[in-house]
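Written out below as structure tokens is the structure these notes cover.
Derivation of every value follows stated rules applied to the coordinates shown; laboratory data play no part. Just so you know, these numbers come straight off a predicted model, no measurement behind them. Quick reminder, even Gly has a Cβ in these numbers, built from the backbone with ideal geometry, and neighbours come from all protein chains shown.
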Amino acid sequence: MTLFTLLDQAAARFGEWGALYHGEQQVCTWAELRERALRLAGSFRGEPGTRIAVASENRPEIVELMFGIWAAEFVHVPINYKLHPREMADIVADSGAAHVFASPKIAAQLDVGVPVETIGGESYAQRHHADPVTPPDTDPAALAWLFYTSGTTGRSKGAMLSHRNLMAMTVAHLADFDAPDANSSLVHGAPMSHGSGLYIPPYVLRGARQVIPESGAFDPDEFLDLCEHHPGCSAFLAPTMVQRLVATGRPRPRHLRTVVYGGGPMYVDRLKKAMTAFGPVFVQLYGQGEAPMTITGLRRTDHLDADDAVLGSVGYARSGVAVAVVREDGSPAATGEIGEIVCRGDVVMSGYWNNPEATAATLRRGWLYTGDMGSFDDRGYLTLRDRSKDVVISGGSNIYPREVEEVLIEHPGVAEACVVGAPDEEWGEVVVAFIVGTADPTELDAHLLTRIARFKRPKRYEFIDELPKNSYGKVLKRELRAQLTR
Ligand code: AMP
């Protein structure tokens with residue numbers, strides 16, 4: 001069984017319903033989408049397991065390519081369209097992709113030593129005249145998706161995700177978070193190469209519309225307009241995208257039903273503002289490419305009447321996933337004790353592509369070591385502190401930047417805040433806060449003193465115009481640290 005089965009089932013049940021939409025315009029029905037994917041597969045040449053890279057802004061063709069690749073028993077290697085052509089070339093080389101499908105803009109910049117075909121171009125159109133293949137009967141353990149991590153702490157690595165991994169993710173999403181049907185829509189605000197694309201399978205299975213904004217990117221007004229137009233809208237959005245929706249000042253669109261946020265910290269203050277603006281539509285996920293979208297989470301109802309400890313947590317274990325916090329020696333941490341978050345289940349990758357050292361360091365005794373630090377409280381909620389590499393150790397005390405950031409962000413003069421450790425002769429490391437905003441350091445100190453321990457206060461504030469972020473919108477703490485040692 002493969003992920004193609006999901007499209008097969010949707011086409012059988014919802015054949016003539018609209019499947020793909022570009023903006024408000026219908027592109028094709030479920031029966032047509034299935035046919036297009038099978039013909040694409042018929043046009044491919046190569047052994048099962050061949051890697052095919054897709055580098056494009058969000059476009060409707062990404063969906064048919066994804067299912068066409070699976071119908072051919074090939075492996076989907078999506079590349080974030082915001083990466084530099086050199087970074088794209090690294091991923092093509094590392095994955096050993098035999099062919100790249102790229103949007104016109106990206107195709108013009110790519111020189112990678114393997115054929116680069118323009119999506120929507122002449123040769124691409126020809127492929128839809130090939131004979132369709134018969135839907136395959138693939139081993140669920142076969143590789144389906146090479147997920148290149150965002151590389152905030154180092155070079156990007158390819159997490160190997162099988163059909164089984166993504167099926168476990170699909171089932172957990174439908175069990176925990178959302179109940180779409182053929183009168184629902186998935187609006188692709190975030191890149192389809194990552195979070196938003198991973199959500200295609202559960203929504204395809206239920207026959208929900210796939211809606212791709214015409215801009216191919218995230219434009220808050222366009223996104224909100226689409227949620228006025230299409231029925232029962234759900235979307236995955238990064239926390240910064242949610243902030244941008246709130247900043248429009250617009251009310252909740254008529255058909256906005258679910259916003260899944262995650263992939264980076266959502267500060268409690270910002271979450272409350274988002275709930276005030278749009279109501280109880282929010283769902284939180286905590287996951288990583290290595291356990292796609294599925295480690296812990298908070299459902300819509302968990303957000304209602306929740307206290308700050310719950311809103312500031314990443315929720316509890318997702319269906320079918322075991323989650324634990326362990327000490328350095330691998331023994332289980334006590335309730336409230338901070339350790340490394342580990343998880344186990346069918347969602348966990350089989351390893352990193354061509355990287356046995358990284359695999360051995362990350363998969364141990366059957367558990368995925370996430371590199372994230374956290375603790376469980378006595379109600380079973382997991383609170384994520386920081387990536388282990390981001391913890392500041394000052395005078396022997398561990399300081400978790402997220403805790404300081406949560407408080408800084410509450411100050412009206414702070415738009416964004418990021419806390420890192422700077423080397424210090426006396427203390428080993430000291431806390432430094434980078435601030436985007438107009439607040440005065442003395443005011444910030446006073447504000448922090450009313451809420452957190454004195455030793456956690458930044459020794460220094462650095463005011464900057466914007467925080468350095470990677471192409472996924474994640475703050476690059478290593479760059480901030482480097483600025484301090486220059
Ligand atoms: P990636 O594999 O690129 O998606 O990055 C995954 C990392 O993003 C995780 O290991 C966490 O450090 C962070 N992350 C994911 N979800 C959340 C969340 N809900 N809150 C805070 N950080 C998160």
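Listing for the model above:
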item: Contour minus Cα-Cα distance for Ser471 and Ile393 (0.36 nm per residue); result: 25.2 nm
item: Tally of Lys pairs whose C-alpha atoms are under 19 Å apart, taken over the chain, 8 or more apart or cross-chain; result: 15
item: Protection proxy ranking of 451-460, 343-352 - average other beta-carbon atoms within 10 Å, highest first; result: 343-352, 451-460
item: Dipole magnitude of the chain, debye to nearest 20 (Cβ charges: Lys/Arg +1, Asp/Glu -1, about Cα centre); result: 240 debye
item: Extension gain, Asp329 back to Ala309 (0.36 nm per residue minus Cα-Cα distance, nm); result: 4.4 nm
item: Peptides 380-389, 114-123 ordered by average Cβ neighbours within 10 Å, highest first; result: 380-389, 114-123
item: In Å, descending, principal axis extents of the Cα set of the chain; result: 70, 49, 43
item: Helix-only CD estimate at 222 nm, as mean residue ellipticity for the chain, using -39500 (n - 2.57) per DSSP H run (n ≥ 4); result: -8500 deg cm²/dmol
item: Computed E for Asp225/Arg344 - FRET, C-beta separation, R0 56 angstrom, nearest 0.05; result: 0.85
item: Simple spin-label estimate for Asp445 and Glu214 in nanometres, 7 Å along Cα-Cβ; result: 5.5 nm
item: Peptides 141-149, 353-361 ordered by average Cβ neighbours within 10 Å, highest first; result: 141-149, 353-361
item: Those Cys residues of the chain for which no other cysteine Cβ falls under 4.7 Å; result: Cys28, Cys343, Cys418
item: Among Phe282, Gly262, Met293 the positive-end extreme of the charge dipole of segment 255-305 (Cβ point charges); result: Phe282
item: Segment 118-139 and segment 203-226: distance between their alpha carbon centers, rounded to Å; result: 24 Å
item: Mean Cα-pair separation over length for the chain, i.e. relative contact order, pairs under 8 Å, 6 or more apart, %; result: 11 percent
item: Exposure proxy order (Cβ contacts within 10 Å, fewest to most) of His129, His76; result: His129, His76
item: Distance from segment 242-297 to segment 160-184 (C-alpha centre basis), Å; result: 18 Å
item: R0 of 22 Å, Cβ-Cβ distance Gln26-Tyr124: FRET efficiency to nearest 0.05; result: 0.60
item: For segment 293-354: rounded, prolate or oblate by the Cα gyration tensor [a/c cutoff 1.5]; result: oblate
item: Extended-chain gain in nm, criterion 0.36 nm per residue less alpha-carbon gap, Val436 and Ala179; result: 88.6 nm
